[in-house]
Amino acid sequence: MDFEHSDKVKNLLECLAAFMEEYIYPQQDTWQQQVEDMGNDWRAVPLVESLKPRAREAGLWNLFLPESGRGAGLTNLEYAPLCEMMGRVAWSAEVFNCSAPDTGNMETLVRYGTNEQKQQWLVPLLNGEIRSCFAMTEPGVASSDARNICSTIIRDGDEYVINGHKWWSSGSGDPRCTLFIFMGKTDPDGSDVYRQQSMILVPRETPGITILRNLPVFGFYDAPHGHGEILFEDVRVPVSNMLLGEGRGFEIAQGRLGPGRIHHCMRLIGLAEVALEKMCQRAQLRRPFGKPLAEQGVSRERIAESRILIDQARWLVLSAADKMDKVGNREARKEIGMIKVAAPNMACQVIDWAIQMHGGAGVTTDFGLAQAYTQARVIRLADGPDEVHRDQIARLEMKKYQRPERS
């Protein structure tokens, strides 16, 4: 495997690094203050909106999506270092129109949408004119197994009638959200449990949709993005809003979640790098008991282990991205599962050590470590919990050693 960056990627990295240095890193306090000033009145963050035209002018727009013709035309492997750099500041990905769930929803529309669906929804998403939501998880069932989903999408003439109770619906709290991609069952009693589910496009303003609340995570509300708990009660949409066809929901989910999972992991590596930087700075500046923390063996050990863990995760992510590019998401599902377990656990550990080195200050909002830990910990559940991925990895690994049945 050759992970050397092409000249194209090197140029984009240089451009992105310059943008981050000039517009992102110096304004993190400004972003935080603007979000705090909103309170519960969620709206677009003025700073982010002001930076989006600059990002487009700089050619740093839709970098994640090679198929669209509107981005940089990068492979997963080429996008990885750029996504990692964006991950250093949690809110920066939106500046470049590279944030979830819009990235996954745009990929879904590119791969599975009709020309009419693309024109109505994909184009404004690619332009950054609207935002979207992915509604799959449900509070009443163990949604880590999507076969358990019990929301329904029932055809009634030229319409589908949608009923269901969703939560952790990413993006629903954003006031610019105008589209839900909803997963439910069109054939609840079908004999093939992998053909019962479908995905359908639901405009946000359709009657019957009620956002019950925006869900806090360890006390942080993730404004203005948000994850909502939502009721869909007799929501009617045209038959033409169906994605790909009835019974194709699992197929779409596999195509959508693979890239989304690896993007999360790429960003977490950037997040962990920042935590390690803060750890090293704190170790040299803080002097308990008359000497710097850096002179204590436990501090050096944790710094060394952090470097090892981050680099291990990075190479595993690059290997998974390379395989996705060469053989596709399905054939790379073991590698995707591996990084989905490894990267969030790595980030949680590195950030936890950084918090410990900062003492009481580490659990405040002063250094951004509490928010970073929250973000990393959530990813151990988002897009499938660790346990599900480990189970799949084990099953795929054991297949290599299955003995043929004797007749």
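The values are calculated or read from the model by the stated rules, or taken from the named source; none is laboratory data. All figures in this text were calculated on a predicted structure; none of them were measured in a lab. Here Cβ is always computed from backbone atoms with ideal geometry, including for glycine, and neighbour counts include all displayed protein chains.
Odds and ends about this structure:
- Screening the candidates Ala321, Ala343, Ala347, Ala313 for the property of being assigned to a helix (DSSP H, G or I) and over 22 Å from Arg377 (Cβ atoms) yields one hit, Ala321.
- The residues of segment 308-332 that are out of contact with any helix residue (DSSP H, G or I) (no Cβ under 7 Å at 6 or more places or on another chain) and basic (Lys, Arg) amount to a single one, Lys326.
- Test for Gln375: is it polar (S, T, N, Q) and within 14 Å of the chain's Cα centre (by Cα): yes
- Residue count, segment 272-288 (criterion: in contact with a Pro (Cβ under 9 Å, 6 or more places away or on another chain) and of a type in the set (S, T, N, Q)): 1
- Residue count, segment 118-146 (criterion: surrounded by 14 or more Cβ atoms within 10 Å (Cβ to Cβ) and assigned to a helix (DSSP H, G or I)): 9
- Annotation note: Cβ proximity below 7 Å between a residue of segment 352-367 that is without any contact (Cβ under 8 Å) to a residue 60 or more places away in the chain and a residue that is exposed (fewer than 15 other Cβ atoms within 10 Å of the Cβ) (sequence gap 6+ or interchain) occurs for Ile355/Val363.
- Filter result for the condition that a residue is buried (at least 18 other Cβ atoms within 10 Å of the Cβ), at pLDDT 95 or above, touching a strand residue (DSSP E or B) at 6+ places or on another chain (Cβ under 7 Å) and farther than 20 Å from Ala382 by Cβ, over Leu243, Leu231: Leu243
- Residue list for segment 343-367, filter: in contact with a helix residue (DSSP H, G or I) (Cβ under 8 Å, 6 or more places away or on another chain) and charged (D, E, K, R): Asp352
- Residues located in segment 27-86, provided they are closer than 24 Å to Ser172 by Cα and acidic (Asp, Glu): Glu36, Asp37, Asp41, Glu49
- Pairs, first within 23 Å of Phe96 (Cα to Cα) in segment 114-126, second at pLDDT below 95 and surrounded by fewer than 17 Cβ atoms within 10 Å (Cβ to Cβ), C-beta under 7 Å, six or more apart: Leu126/Arg70
- Scanning segment 324-340 for residues that are of a type in the set (Asp, Glu), modelled with pLDDT under 95 and assigned to a helix (DSSP H, G or I) yields a count of 1.
- Residues that are of a type outside the set (A, V, I, L, M) and either outside the structural domain of Ala370 (by TED's automatic domain parsing) or in contact with a helix residue (DSSP H, G or I) (Cβ under 7 Å, 6 or more places away or on another chain) (or both), drawn from segment 272-298: Glu273, Lys278, Cys280, Arg282, Gln284, Arg286, Pro292
- Leading residue by the ranking (surrounded by the most Cβ atoms within 10 Å (Cβ to Cβ)) among those in segment 268-293 that are closer than 21 Å to Gly368 by Cβ and free of Cβ contacts under 8 Å to residues at least 40 places away in the same chain: Cys280
- Taking segment 371-396 as the range and being out of contact with any Asp or Glu (no Cβ under 8 Å at 6 or more places or on another chain) and without any contact (Cβ under 8 Å) to a residue 40 or more places away in the chain as the test, the residues that pass are Leu381, Asp391, Ala394, Arg395.
- Residue within segment 72-90 that is touching a residue at least 24 places away in the same chain (Cβ under 8 Å), more than 22 Å from Lys10 (Cα to Cα) and crowded, with 18+ Cβ neighbours inside 10 Å present: yes
- For beta carbons closer than 8 Å, sequence separation of 6+ or different chains, a first residue in segment 140-153 that is farther than 11 Å from Lys166 by Cα and free of Cβ contacts under 8 Å to residues at least 40 places away in the same chain and a second that is surrounded by 14 or more Cβ atoms within 10 Å (Cβ to Cβ) and hydroxyl-bearing (Ser, Thr, Tyr), the qualifying pairs are Thr152/Thr186.
- Tabulated pairs, segment 40-55, first within 19 Å of Ala17 (Cα to Cα), second loosely packed, with under 14 Cβ neighbours inside 10 Å, C-beta under 8 angstrom, 6+ apart or interchain: Leu47/Thr30
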